[in-house]
1. Between Arg102, Arg35, Arg57, Arg91, which is in contact (Cβ under 8 Å) with a residue 40 or more places away in the chain, of a type outside the set (A, V, I, L, M, F, W, C) and more than 18 Å from Glu145 (Cα to Cα)?
2. Among the residues of the stretch 46-92, write down those that are loosely packed, with under 14 Cβ neighbours inside 10 Å and among the charged types (D, E, K, R).
3. Quick test of your reading of the structure: Ala231 fulfils all but one of (1) among the small types (Gly, Ala, Ser); (2) in contact with a Lys or Arg (Cβ under 6 Å, 6 or more places away or on another chain); (3) exposed (fewer than 14 other Cβ atoms within 10 Å of the Cβ). Name the failing condition by number.
4. Got a sec? Which helices (runs of 4 or more DSSP H) wholly within the stretch 1-74 have at least 1 residues that are at pLDDT below 90 and β-branched (Val, Ile, Thr)?
5. Just to be sure before I move on: is Arg141 touching a helix residue (DSSP H, G or I) at 6+ places or on another chain (Cβ under 9 Å), under 30 Å from Phe197 (Cα atoms), touching a residue at least 40 places away in the same chain (Cβ under 8 Å) and not hydroxyl-bearing (Ser, Thr, Tyr) in the structure I sent?
6. Going by the conditions given, is Leu122 assigned by TED's automatic domain parsing to the domain that holds Thr257 and either without any contact (Cβ under 8 Å) to a residue 24 or more places away in the chain or among the hydroxyl-bearing types (Ser, Thr, Tyr) (or both)?
Amino acid sequence: MSTLQEKLNRIDQIRAKKPGFSDVMDFFEQIFIARDAVLQNVAVADPYPDSHGIAMRLHEGFPLLEKRYFVYDGDVLVSYFHRLLDIVARRNPAGAAAIRARSDSAEELLKNIPPQDIVKALAPFAGESDLMLFLLKECMRPWLERYAERLSPKVGEEQWHEGCCPVCGGFACFAEIFGQENQRRLFCQDCGASWQFPRLQCPFCGIDDHEKLEYFKPDGQPEYRVMLCRACKRYIKTVDFREFSDGLVPEVEHPATLYLDIIARERGYKTEDVLTGLLL
């Protein structure tokens with residue numbers, strides 16, 4: 001995973017090249033700084049003291065982090081939630097105010113995350129469900145990153161063949177192509193972990209019928225492409241690391257390529273990514 005300084009450096013590069021993205025980059029710069037402050041005070045225990053439990057879950061196709069293992073400091077999490085609301089209020093004052101008006105419901109939800117039924121949990125926030133889901137996932141992110149740091153090195157390439165994250169089960173939000181053999185790595189939207197996955201296979205429905213999959217590239221940007229799956233009508237943005245001259249920071253590339261999401265949506269495709277639903 002990228003460090004805070006790597007993220008900030010990449011944000012500065014994007015601001016210089018694409019001034020029109022400054023507003024979005026400013027927003028995520030504040031999020032990354034706030035998250036890093038929480039990360040410095042987050043410690044998690046290793047839920048697998050031996051490798052037997054890891055091997056069993058991976059063999060059965062289950063991600064490693066079960067709800068019972070997700071332990072967090074409730075006071076720190078609630079404090080982070082309100083800090084995030086302050087940041088969001090600068091970009092979306094009406095949305096932040098609507099959630100603040102339901103702060104009792106929000107704090108009740110934060111006492112039991114991740115919720116068993118996300119649809120039911122978000123019901124009190126009708127009209128602002130995308131924003132609340134973003135806040136909920138971002139509140140969990142510092143702890144999930146720490147678990148990913150512990151668990152990702154224990155996942156062998158030959159042990160995991162699913163399109164979801166081997167650590168937390170989250171959806172892939174971004175991908176990269178690398179190496180002489182055109183290998184593909186997916187990046188989790190929830191914990192930041194990455195894992196290898198077949199290049200010509202949809203990570204959402206698993207189809208590998210080449211006639212059902214296609215890529216499109218934006219003009220003048222050979223480093224970026226989008227994979228479209230005609231079977232499930234989902235897409236995933238991809239960067240070709242071999243064509244990428246700047247330092248790759250997937251968490252920054254994702255909001256910096258929202259124009260690709262717009263093109264994919266106009267073609268009738270959708271994504272499971274929370275961030276895209278919030279910003280578009």
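1. On the way: Arg102 fails: in contact (Cβ under 8 Å) with a residue 40 or more places away in the chain; Arg35 fails: more than 18 Å from Glu145 (Cα to Cα); Arg57 fails: in contact (Cβ under 8 Å) with a residue 40 or more places away in the chain.
Just one listed residue meets the conditions, Arg91.
2. Result: Asp46, Asp50, Glu60, Glu66, Lys67, Arg68, Asp75, Asp86, Arg90.
3. Single failed check for Ala231: (3).
4. On the way: elements: 4-17, 22-39, 52-59.
Here the list reads 52-59.
5. Working: touching a helix residue (DSSP H, G or I) at 6+ places or on another chain (Cβ under 9 Å): yes; under 30 Å from Phe197 (Cα atoms): yes; touching a residue at least 40 places away in the same chain (Cβ under 8 Å): yes; not hydroxyl-bearing (Ser, Thr, Tyr): yes.
So Arg141 passes the test.
6. Working: assigned by TED's automatic domain parsing to the domain that holds Thr257: no; either without any contact (Cβ under 8 Å) to a residue 24 or more places away in the chain or among the hydroxyl-bearing types (Ser, Thr, Tyr) (or both): yes.
Spelling it out, it is not the case that Leu122 is assigned by TED's automatic domain parsing to the domain that holds Thr257 and either without any contact (Cβ under 8 Å) to a residue 24 or more places away in the chain or among the hydroxyl-bearing types (Ser, Thr, Tyr) (or both).
A quick yes/no check of all residues on (1) surrounded by fewer than 23 Cβ atoms within 10 Å (Cβ to Cβ); (2) outside any loop (DSSP other than H, G, I, E, B); (3) on the phi > 0 side of the Ramachandran plot:
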{"position": "Leu144", "(1), (2), (3)": "no, yes, no"}
{"position": "Tyr147", "(1), (2), (3)": "no, yes, no"}
{"position": "His161", "(1), (2), (3)": "yes, no, no"}
{"position": "Val167", "(1), (2), (3)": "no, no, no"}
{"position": "Leu200", "(1), (2), (3)": "yes, no, no"}
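Let's see how each residue does on (1) over 23 Å from Phe21 (Cβ atoms); (2) in contact with a strand residue (DSSP E or B) (Cβ under 7 Å, 6 or more places away or on another chain); (3) in the same structural domain as Glu176 (by TED's automatic domain parsing); (4) of a type in the set (A, V, I, L, M, F, W, C):
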{"position": "Phe197", "(1), (2), (3), (4)": "yes, yes, yes, yes"}
{"position": "Pro203", "(1), (2), (3), (4)": "yes, yes, yes, no"}
{"position": "Asp208", "(1), (2), (3), (4)": "yes, no, yes, no"}
{"position": "Asp219", "(1), (2), (3), (4)": "no, no, yes, no"}
{"position": "Glu223", "(1), (2), (3), (4)": "no, yes, yes, no"}
{"position": "Lys237", "(1), (2), (3), (4)": "no, yes, yes, no"}
{"position": "Asp240", "(1), (2), (3), (4)": "no, yes, yes, no"}
{"position": "Glu253", "(1), (2), (3), (4)": "no, yes, yes, no"}
{"position": "Asp273", "(1), (2), (3), (4)": "no, yes, yes, no"}
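The values are calculated or read from the model by the stated rules, or taken from the named source; none is laboratory data. Here the structure is a predicted model, which means the values were calculated and not measured. All Cβ positions, even for glycine, are placed from backbone atoms using ideal geometry, and neighbour counts span all protein chains on display.
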